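The values are calculated or read from the model by the stated rules, or taken from the named source; none is laboratory data. Please read these numbers as outputs of a predicted model, since none were measured by experiment. Note that we place each Cβ from the backbone using ideal geometry, even for glycine, and neighbour counts take in every protein chain shown. Accessible surface is based on the protein model in full, side chains and every heavy atom, while ligands, DNA and RNA are left aside. Shrake-Rupley method; radii C 1.70, N 1.55, O 1.52, S 1.80 Å.
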Amino acid sequence: MLDNFQKFFNGKTVAIVGNSPKILDNIFGGEIDNHDIIIRFNDGFIKNKDAQGSKTTILILSQELSPSDISKYKPLYVINRSSNYNNGTIYAFPKQLREEVSKKTKGVCSSGILTLEWILQYNFKSIDLYGFDLNYKTFHNLSEERNIIFEYEKSGLVKNNKEKKKVTTKETPKYILQNNPIIKINKTEEFKAQNKNFLFSEKYYEKFDLISFDVFDTLLYRPFRYPNELFEYIGGPQFRKERRWAERISRLQCKETTFDKIYNMIQPEYGDYKDIEMVTEISLCKPYKENVELFNFIKSLGKKIIITSDMYLPESVIEMMLWQCGINGYDKIYVSSEYGAKKSDGELFDIIIKDYNVKPEKILHIGDNKTSDGSVPYDKGISVYNVEKKIDLLYKDKPFLKLLKDNYLNNLYVSSLIDYQEDNYWKRLGYMYGSVLVYPFMYWLRDEVVRNKIDTLVFVGRDGYILKKVFEKLNTNIKCIYAYANRRMAKSGKDYSYYFENIGCEGKTALVDSTTRDYSAQSTSKIKIGYYFWVRDPYKDTIVPEGCYSYSFVDRDAYSRILSWELVETLVASPEPPIQDIDEETLQPIYAEITPEEEFRIKIITDICEGILEYGEKNIEIPLQPENIFEIVNNFLTHLTLEDKEYLGQVNFASDPSHSSYHKLVVHPKKR
């Protein structure tokens, strides 16, 4: 039954939280809750959320617990150490796994090491251990388990977190202050400001009795440039228009609207989107990690914290969003929809002052909006910090992104880059630009093969390498095969029937490649159906196959729409040498001799592919159209930084299909 977890762990960050009492001496809570999957054990109930976190994804049991005790964790899955335990779950570690791990530990293995060994078989992103005290007396062979974990740590497979004390004023914060009445908080550690320790100074907060945090773009953010883009994401442009209209009308009828009032105004055919919108809001929100860190620091001081938001969503939804992002320990939530009063006109702050019987100067409010979180509370005598929106920080770091047309799809792409940091240039290039060439094409392909009832897809090497890897992650039932059918093979005149008849094609088969002009792959493979990102203007004597489908264009002007197709071909490639032929006996490719140029190319393409795959794991599906893709890539090419020029200048591109000569990769804009 545990086979079902392979996709569940794919690309996820995992926290395994042990029950050592020493964990209570630390403040790992926020760090633990930031993981995608959090695993706990037995009756090690959460006693201190600051130390242990508050979330549980999987509960591992080596004893029987009552349903009420299990419910304290609110786990998504419960797994028994063995099928001997009765805890109302179908999941249990198989006997073979327990025996293999116990043999490795030279004694009965602990549930902690058993769980670790189980997860190591999956394609996880990272594993962090917390509360693992391997020095106490027990019947488990902890000295051997300690050695095993130590080896995993050395190899970088896991990290065993042993100590994280309260932040002190001597530690360097991740914020910068500016001496304005409304002080801005920046996220970047490299900035050196005179008052850099100010926000994390315990002494500073002595003058405040109440700390208020805004929610959206302060503690949480959503992957949209504008909040109403969420409406188009769930229901298309017409729903976005209708949803905005309904909200506008509902606001004319009362001082502050609510979610229910908005949907009372909406056209009946859109009524079903009410639940969809609420679920989507919850599922897509992400923690603004730098500000959550500040929240947790202030909480560690014992200060009373409240949440204050101008929002139509009910308090219960806001509470769920905060919980999902690991934010807890506040005293109360003030949402304008619940009180019929707003921050923007000051009335919600008046209610807070009255409820807590506190003087305005004893309140500190932190938020992003310069009016409702800035000048309005400031005019009431409340101290204020304005933080910058994530999207604005991204534009400051990469100002050329702001030159893209302000439309829904471009904005989704830009928002997908928020919080992305990577030192490896080639991974970063794959994440930012290889992804836009691959994912929209594969989303289109997924719909096309379903429409045409395709059973098998043959991805043509070398361009098909990363296309196949991405397509396989889209959870279709289509059989995918990686095969070779390049121009050299087509021009050889050789019959490759022996190869294509034995690669495993089943049922209705189609071929997938990045570009084509003379359909050499289709002619070599004799596969009648072909899907391409782009079909170049065919030769005059070339007949376009009836089963040829292009994601973007089939015209003679298409080539000029991208300023450097050499960059495109570099981004969508495979980390292997050029193919000369196919061995008739083994059906394996016969590679050309690896030149220094190809050796370098293979190295960087490995990193580029990693970046492309990481993009898909972190982001929602963005159905970019060809015009969006070309604009994004061309915007990059016309605003190359010194770093871009330095790295791209190291790449040599093959001048001919035989790869007998090379030239420097052409990335400079050419005349249209």
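Conditions tested, residue by residue: (1) surrounded by fewer than 20 Cβ atoms within 10 Å (Cβ to Cβ); (2) not in a helix (DSSP H, G or I).
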position: LEU294; (1), (2): no, no
position: ILE298; (1), (2): no, no
position: LEU313; (1), (2): no, yes
position: MET320; (1), (2): yes, no
position: GLY329; (1), (2): yes, yes
position: TYR334; (1), (2): no, yes
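Can you find even one residue in the stretch 607-618 that is open to solvent by 60 Å² or more (accessible area, probe 1.4 Å) and without any contact (Cβ under 8 Å) to a residue 24 or more places away in the chain? Explain how you work it out, then say what you get.
Taking the stretch 607-618 first, the residues open to solvent by 60 Å² or more (accessible area, probe 1.4 Å) are 610, 617-618.
Checking the rest, the ones that are also without any contact (Cβ under 8 Å) to a residue 24 or more places away in the chain come to none.
Looking for residues that are open to solvent by 60 Å² or more (accessible area, probe 1.4 Å) and without any contact (Cβ under 8 Å) to a residue 24 or more places away in the chain, one finds none in the stretch 607-618, hence no.
For the stretch 558-668, list the strands (runs of 3 or more DSSP E) that sit wholly inside it and hold at least 1 residues that are among the charged types (D, E, K, R); which are they? Outline the logic, then answer.
On the way: elements: 579-582, 589-591, 652-654, 662-664.
The strands (runs of 3 or more DSSP E) meeting that bar are 579-582, 662-664.
Which one is most open to solvent (accessible area, probe 1.4 Å), of the residues in the stretch 237-263 that are touching a Ser or Thr at 6+ places or on another chain (Cβ under 6 Å) and not in a helix (DSSP H, G or I)?
Here the residue is THR258.
Condition check: more than 30 Å from TYR395 (Cβ to Cβ) and among the aliphatic types (A, V, I, L, M). Does LEU429 satisfy that? I'd like the intermediate steps shown before the answer.
On the way: more than 30 Å from TYR395 (Cβ to Cβ): no; among the aliphatic types (A, V, I, L, M): yes.
It is false that LEU429 is more than 30 Å from TYR395 (Cβ to Cβ) and among the aliphatic types (A, V, I, L, M).
Restricting attention to the stretch 135-147, does a residue exist that is open to solvent by less than 30 Å² (accessible area, probe 1.4 Å) and either at pLDDT 65 or above or more than 23 Å from PHE297 (Cα to Cα) (or both)?
Looking only at the stretch 135-147, we keep the residues that are open to solvent by less than 30 Å² (accessible area, probe 1.4 Å), and these are 142, 145.
Okay, now just the ones that are also either at pLDDT 65 or above or more than 23 Å from PHE297 (Cα to Cα) (or both), so 142, 145.
Yes: the stretch 135-147 contains one or more residues that are open to solvent by less than 30 Å² (accessible area, probe 1.4 Å) and either at pLDDT 65 or above or more than 23 Å from PHE297 (Cα to Cα) (or both).
Rundown of residues vs (1) at pLDDT 90 or above; (2) under 30 Å from GLU614 (Cβ atoms); (3) not in a loop (DSSP other than H, G, I, E, B), yes/no style:
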position	(1), (2), (3)
ASN4	no, yes, yes
LYS7	no, yes, yes
LEU24	no, no, yes
HIS35	yes, yes, no
ARG40	yes, yes, yes
ASP43	no, no, no
ILE46	no, no, no
LYS55	yes, yes, no
ASN86	no, no, no
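Could you please give the count of residues in the stretch 88-110 that are part of a loop (DSSP other than H, G, I, E, B) and either open to solvent by less than 20 Å² (accessible area, probe 1.4 Å) or of a type in the set (D, E, K, R) (or both)?
The qualifying residues number 4.
Can you list residue pairs whose Cβ atoms sit under 9 Å apart, with the first residue in the stretch 408-430 being free of Cβ contacts under 8 Å to residues at least 60 places away in the same chain and the second being hydroxyl-bearing (Ser, Thr, Tyr) and buried (at least 20 other Cβ atoms within 10 Å of the Cβ)? Count only pairs 6 or more apart in sequence or on different chains.
LEU417/TYR431
May I ask you to verify whether VAL317 is of a type in the set (A, V, I, L, M), in contact (Cβ under 8 Å) with a residue 12 or more places away in the chain and within 30 Å of SER416 (Cα to Cα)?
yes
Determine if the stretch 426-440 includes at least one residue that is closer than 19 Å to ILE306 by Cα and crowded, with 23+ Cβ neighbours inside 10 Å. Give the steps one after another, and end with the answer.
Of the stretch 426-440, the ones closer than 19 Å to ILE306 by Cα are none.
No: zero hits.
Which ones in the stretch 33-64 are out of contact with any Cys (no Cβ under 9 Å at 6 or more places or on another chain) and polar (S, T, N, Q)?
In the first step, residues of the stretch 33-64 are kept if they are out of contact with any Cys (no Cβ under 9 Å at 6 or more places or on another chain); the result is 35-64.
Scanning the stretch 33-64 gives ASN42, ASN48, GLN52, SER54, THR56, THR57, SER62, GLN63.
Within the stretch 279-300, how many residues are more than 13 Å from VAL215 (Cα to Cα) and touching a strand residue (DSSP E or B) at 6+ places or on another chain (Cβ under 9 Å)?
So the answer is 4.
Looking at (1) modelled with pLDDT of 95 or more; (2) touching a His at 6+ places or on another chain (Cβ under 9 Å); (3) not in a strand (DSSP E or B), can you tell me which one LEU348 breaks?
Condition (2) is where LEU348 drops out.
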